[in-house]
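First comes the structure, then the notes that go with it.
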Amino acid sequence: MSMSTSAHSPAPTVTDRLVEANADYAADFKDPGMDAKPVLQVAVVACMDARLDLHKALGLSLGDCHTIRNAGGVVTDDVIRSLAISQRALGTRSIVLIHHTGCGMESITEDFRQELEHEVGQRPSWAVEAYTDADQDVRQSMQRARTSPFLKHTDDVRGFVFDVTTGKLREVLPAS
(Lines give C-alpha, C1' and ligand atoms only; values in the text may rest on other atoms or scores of the structure.)
Protein backbone atom coordinates (compact mmCIF):
# COMPACT_ATOMS: atom_id res chain seq x y z
CA MET A 1 0.00 0.00 0.00
CA SER A 2 1.33 3.38 -0.89
CA MET A 3 -0.25 5.79 1.53
CA SER A 4 2.09 8.72 1.73
CA THR A 5 1.64 11.60 4.08
CA SER A 6 3.02 15.06 4.03
CA ALA A 7 3.26 17.79 6.61
CA HIS A 8 0.04 19.23 5.20
CA SER A 9 -2.16 16.14 5.17
CA PRO A 10 -3.31 14.13 8.15
CA ALA A 11 -1.94 10.67 8.78
CA PRO A 12 -3.84 7.92 6.97
CA THR A 13 -6.65 6.37 8.97
CA VAL A 14 -7.65 2.72 9.20
CA THR A 15 -10.51 3.57 6.86
CA ASP A 16 -8.02 4.95 4.33
CA ARG A 17 -6.17 1.63 4.54
CA LEU A 18 -9.40 -0.30 3.94
CA VAL A 19 -10.35 1.86 0.95
CA GLU A 20 -6.92 1.33 -0.57
CA ALA A 21 -7.21 -2.42 0.00
CA ASN A 22 -10.55 -2.33 -1.78
CA ALA A 23 -8.96 -0.61 -4.77
CA ASP A 24 -6.46 -3.49 -4.97
CA TYR A 25 -9.29 -6.02 -4.63
CA ALA A 26 -11.43 -4.32 -7.27
CA ALA A 27 -8.55 -4.21 -9.74
CA ASP A 28 -8.67 -8.03 -10.00
CA PHE A 29 -12.40 -8.45 -9.30
CA LYS A 30 -14.47 -10.58 -11.64
CA ASP A 31 -18.26 -10.51 -11.39
CA PRO A 32 -19.14 -13.92 -9.93
CA GLY A 33 -22.50 -13.81 -11.73
CA MET A 34 -24.51 -14.56 -8.59
CA ASP A 35 -27.79 -13.13 -7.50
CA ALA A 36 -28.66 -12.14 -3.94
CA LYS A 37 -30.24 -15.50 -3.02
CA PRO A 38 -27.84 -17.59 -0.90
CA VAL A 39 -26.91 -20.87 -2.57
CA LEU A 40 -27.34 -22.89 0.65
CA GLN A 41 -30.59 -21.13 1.65
CA VAL A 42 -29.21 -20.43 5.13
CA ALA A 43 -28.89 -17.32 7.27
CA VAL A 44 -26.20 -17.26 9.95
CA VAL A 45 -26.67 -14.94 12.94
CA ALA A 46 -23.43 -14.44 14.85
CA CYS A 47 -21.56 -12.14 17.15
CA MET A 48 -19.56 -9.34 15.58
CA ASP A 49 -16.42 -10.47 17.44
CA ALA A 50 -13.37 -10.11 15.19
CA ARG A 51 -12.10 -13.57 16.22
CA LEU A 52 -14.93 -15.30 14.33
CA ASP A 53 -14.09 -15.96 10.70
CA LEU A 54 -17.46 -17.47 9.90
CA HIS A 55 -16.80 -18.43 6.31
CA LYS A 56 -13.66 -20.38 7.23
CA ALA A 57 -15.13 -21.84 10.42
CA LEU A 58 -18.22 -23.13 8.60
CA GLY A 59 -16.60 -24.04 5.28
CA LEU A 60 -18.62 -21.43 3.40
CA SER A 61 -17.86 -19.76 0.10
CA LEU A 62 -18.97 -16.43 -1.31
CA GLY A 63 -22.68 -16.58 -2.03
CA ASP A 64 -23.46 -19.52 0.27
CA CYS A 65 -25.28 -17.71 3.08
CA HIS A 66 -26.61 -14.50 4.51
CA THR A 67 -24.56 -13.35 7.48
CA ILE A 68 -26.17 -11.16 10.14
CA ARG A 69 -23.86 -9.97 12.89
CA ASN A 70 -24.32 -7.89 16.01
CA ALA A 71 -22.95 -7.59 19.54
CA GLY A 72 -23.50 -11.02 21.07
CA GLY A 73 -25.15 -12.60 18.03
CA VAL A 74 -28.47 -11.99 19.76
CA VAL A 75 -31.80 -12.32 17.95
CA THR A 76 -33.21 -8.80 18.32
CA ASP A 77 -36.04 -7.06 16.47
CA ASP A 78 -33.56 -5.89 13.84
CA VAL A 79 -32.26 -9.43 13.36
CA ILE A 80 -35.87 -10.64 12.92
CA ARG A 81 -36.27 -7.88 10.30
CA SER A 82 -33.20 -9.14 8.41
CA LEU A 83 -34.26 -12.79 8.75
CA ALA A 84 -37.77 -12.01 7.49
CA ILE A 85 -36.32 -10.32 4.40
CA SER A 86 -33.80 -13.16 3.99
CA GLN A 87 -36.55 -15.78 4.07
CA ARG A 88 -39.45 -14.06 2.37
CA ALA A 89 -37.60 -12.18 -0.38
CA LEU A 90 -34.42 -14.21 -0.83
CA GLY A 91 -35.35 -17.82 -0.15
CA THR A 92 -33.48 -18.86 2.99
CA ARG A 93 -35.01 -21.70 4.97
CA SER A 94 -32.47 -22.49 7.72
CA ILE A 95 -31.16 -20.33 10.56
CA VAL A 96 -27.87 -20.95 12.37
CA LEU A 97 -27.20 -18.95 15.55
CA ILE A 98 -23.63 -18.61 16.84
CA HIS A 99 -22.48 -17.17 20.14
CA HIS A 100 -18.93 -17.72 21.40
CA THR A 101 -16.78 -18.20 24.45
CA GLY A 102 -15.23 -15.13 26.06
CA CYS A 103 -17.81 -12.75 24.62
CA GLY A 104 -17.67 -9.10 25.67
CA MET A 105 -21.43 -9.23 26.26
CA GLU A 106 -20.68 -11.34 29.34
CA SER A 107 -18.69 -8.48 30.91
CA ILE A 108 -21.26 -5.70 30.66
CA THR A 109 -24.74 -5.29 32.09
CA GLU A 110 -27.95 -3.53 31.21
CA ASP A 111 -26.53 -0.64 33.29
CA PHE A 112 -24.66 0.26 30.10
CA ARG A 113 -27.84 2.04 28.94
CA GLN A 114 -27.90 4.16 32.11
CA GLU A 115 -24.21 4.98 31.66
CA LEU A 116 -24.94 6.18 28.12
CA GLU A 117 -27.90 8.19 29.32
CA HIS A 118 -25.70 9.88 31.93
CA GLU A 119 -22.94 10.55 29.40
CA VAL A 120 -24.98 11.79 26.44
CA GLY A 121 -28.18 12.93 28.11
CA GLN A 122 -30.41 10.49 26.29
CA ARG A 123 -31.32 6.88 27.07
CA PRO A 124 -30.96 4.44 24.17
CA SER A 125 -34.23 2.95 22.90
CA TRP A 126 -32.55 -0.44 22.52
CA ALA A 127 -31.76 -3.09 25.12
CA VAL A 128 -28.11 -4.02 25.65
CA GLU A 129 -28.95 -7.76 25.60
CA ALA A 130 -26.03 -8.53 27.92
CA TYR A 131 -25.82 -12.05 29.27
CA THR A 132 -23.71 -14.21 31.57
CA ASP A 133 -24.60 -17.65 30.17
CA ALA A 134 -23.97 -18.10 26.43
CA ASP A 135 -25.93 -21.36 26.27
CA GLN A 136 -28.99 -19.81 27.87
CA ASP A 137 -28.78 -16.79 25.58
CA VAL A 138 -28.53 -19.07 22.52
CA ARG A 139 -31.69 -20.86 23.76
CA GLN A 140 -33.44 -17.51 24.17
CA SER A 141 -32.41 -16.45 20.65
CA MET A 142 -33.59 -19.79 19.20
CA GLN A 143 -36.94 -19.31 20.95
CA ARG A 144 -37.28 -15.75 19.60
CA ALA A 145 -36.64 -16.96 16.05
CA ARG A 146 -38.90 -19.99 16.34
CA THR A 147 -41.84 -18.00 17.70
CA SER A 148 -41.61 -14.93 15.49
CA PRO A 149 -44.74 -14.50 13.38
CA PHE A 150 -42.62 -12.79 10.71
CA LEU A 151 -40.48 -15.83 9.94
CA LYS A 152 -41.89 -18.45 7.54
CA HIS A 153 -39.34 -21.18 8.15
CA THR A 154 -38.71 -21.98 11.82
CA ASP A 155 -38.31 -25.76 11.76
CA ASP A 156 -34.54 -25.60 11.12
CA VAL A 157 -33.27 -23.13 13.73
CA ARG A 158 -30.15 -24.38 15.49
CA GLY A 159 -27.81 -22.71 17.95
CA PHE A 160 -24.14 -23.11 18.75
CA VAL A 161 -21.33 -21.75 20.90
CA PHE A 162 -18.01 -21.27 19.08
CA ASP A 163 -14.92 -21.84 21.21
CA VAL A 164 -12.46 -19.06 20.35
CA THR A 165 -9.50 -21.10 21.63
CA THR A 166 -10.20 -24.35 19.72
CA GLY A 167 -12.28 -23.17 16.76
CA LYS A 168 -14.91 -25.82 17.50
CA LEU A 169 -18.67 -25.39 17.51
CA ARG A 170 -20.73 -26.93 20.29
CA GLU A 171 -24.44 -27.31 19.66
CA VAL A 172 -26.84 -25.92 22.23
CA LEU A 173 -30.03 -27.92 22.48
CA PRO A 174 -33.30 -26.10 23.08
CA ALA A 175 -34.82 -26.18 26.54
CA SER A 176 -37.06 -29.19 27.02
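Before moving on, here are some points about what is shown:
- Remark: spin-label model distance Ser9-Ser125 equals 4.0 nm, labels positioned 7 Å along the Cα→Cβ axis.
- Taking a straight line from the alpha carbon of Lys56, these lysines sit under 18 Å away, with near neighbours fewer than eight places off in the same chain left out: Lys168.
- Relative contact order computed over the chain (Cα-Cα under 8 Å; 6+ residues apart), in percent: 21 percent
- Comparing mean-square fluctuations of Val120, Val161, Val45 from a GNM of the chain with C-alpha springs under 10 Å, the top value falls on Val120.
- For region 107-163, the share of accessible area belonging to carbon and sulfur comes to 45 percent (1.4 Å probe, ligands and nucleic acids excluded).
- Among the trypsin sites (Lys or Arg not before Pro) in region 82-176, those located in a DSSP loop and surrounded by at most 16 other Cβ atoms within 10 Å of their own Cβ are Arg93, Lys152, Lys168.
- The chain, helix-only ellipticity at 222 nm - DSSP H runs n ≥ 4, -39,500 (n - 2.57), divided by all residues, nearest 500: -10000 deg cm²/dmol
- Taking label positions 7 Å along the Cα-Cβ direction at both Arg93 and Thr147, the computed distance is 2.6 nm, reported to one decimal.
- Accessible area per residue, Å², the chain with all protein chains present, probe 1.4 Å: 64 Å²
- Amide proton proximity set for Val128, modelled H, under 5 Å, gap of 5+: none
- Within region 69-176, the chymotrypsin sites (Phe, Trp or Tyr not before Pro) that combine a DSSP coil assignment with at most 13 other C-beta atoms in a 10 angstrom radius are Trp126, Phe150.
- Counted over the chain, the DSSP beta bridges are approximately 20% antiparallel.
- Percent RCO, i.e. relative contact order, over region 31-122, from Cα pairs under 8 Å lying at least 6 residues apart: 36 percent
The values are calculated or read from the model by the stated rules, or taken from the named source; none is laboratory data. The structure displayed is predicted, hence computed values, not measured ones. Here Cβ is always computed from backbone atoms with ideal geometry, including for glycine, and neighbour counts include all displayed protein chains. Note: areas computed on protein heavy atoms with side chains; ligands, DNA, RNA excluded. Shrake-Rupley method; radii C 1.70, N 1.55, O 1.52, S 1.80 Å.
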